[in-house]
1. When residue 48 is evaluated against the numbered criteria (1) farther than 20 Å from residue 12 by Cα; (2) part of a strand (DSSP E or B); (3) at pLDDT 95 or above, which criterion, by number, is the only one it fails?
2. Looking only at the range 9-44, which residues are in contact (Cβ under 8 Å) with a residue 60 or more places away in the chain and within 20 Å of residue 116 (Cβ to Cβ)?
3. For the range 78-99, name all the residues that are on the phi > 0 side of the Ramachandran plot and in a strand (DSSP E or B).
4. Quickly run through the range 101-123 and pick out the residues that are buried (at least 21 other Cβ atoms within 10 Å of the Cβ), in a helix (DSSP H, G or I) and out of contact with any strand residue (DSSP E or B) (no Cβ under 6 Å at 6 or more places or on another chain).
5. Starting from residues that are under 20 Å from residue 108 (Cβ atoms) and touching a strand residue (DSSP E or B) at 6+ places or on another chain (Cβ under 7 Å), keep the ones in the range 51-62 and report whichever is surrounded by the most Cβ atoms within 10 Å (Cβ to Cβ).
6. Just the residues that are surrounded by fewer than 14 Cβ atoms within 10 Å (Cβ to Cβ) and in a loop (DSSP other than H, G, I, E, B), please, taken from the range 27-42.
7. (1) in contact with a helix residue (DSSP H, G or I) (Cβ under 8 Å, 6 or more places away or on another chain); (2) under 15 Å from residue 35 (Cα atoms); (3) surrounded by fewer than 21 Cβ atoms within 10 Å (Cβ to Cβ): which one isn't true of residue 80, the others all being true?
């Protein structure tokens, strides 16, 4: 099962974990990316995320299919927020269940790294004294 969502509402870690639950999986890894309170020594007020949703969903589905093919994942869940997020809020959740733990860790790491490189989601960091768009793809 593959569950891909771009959401304008709060992400729920428990829901993503439950989405990948499988009695045949020996490993489940859940990655939660949160809004931190500072970047490069500057205090972050909030982050703002924008996405080209149809393409973002397609790219996230490609990532999930690769995880199923390469690591034998039973389930993959990827949820990403859009809109304005405060410090401590969840920006992205990736959950993967696989037959073995090592594959689950590798697949989850692949998912977040590839998402940051290929999925058209853009982030603006807002500080008390200004804002900056962060390069979506290094």
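1. (1)
2. 11, 13, 16, 29, 30, 31, 32, 33, 39, 44
3. 83
4. Answer for the range 101-123, where residues must be buried (at least 21 other Cβ atoms within 10 Å of the Cβ), in a helix (DSSP H, G or I) and out of contact with any strand residue (DSSP E or B) (no Cβ under 6 Å at 6 or more places or on another chain): just 103.
5. Ranking the candidates gives 60 first.
6. Selection gives 36, 37, 40, 41.
7. (3)
The values are calculated or read from the model by the stated rules, or taken from the named source; none is laboratory data. Because the structure is predicted, anything quoted here is derived from the model rather than measured. We place every Cβ from the backbone using ideal geometry, glycine too, and count neighbours over all the protein chains shown.
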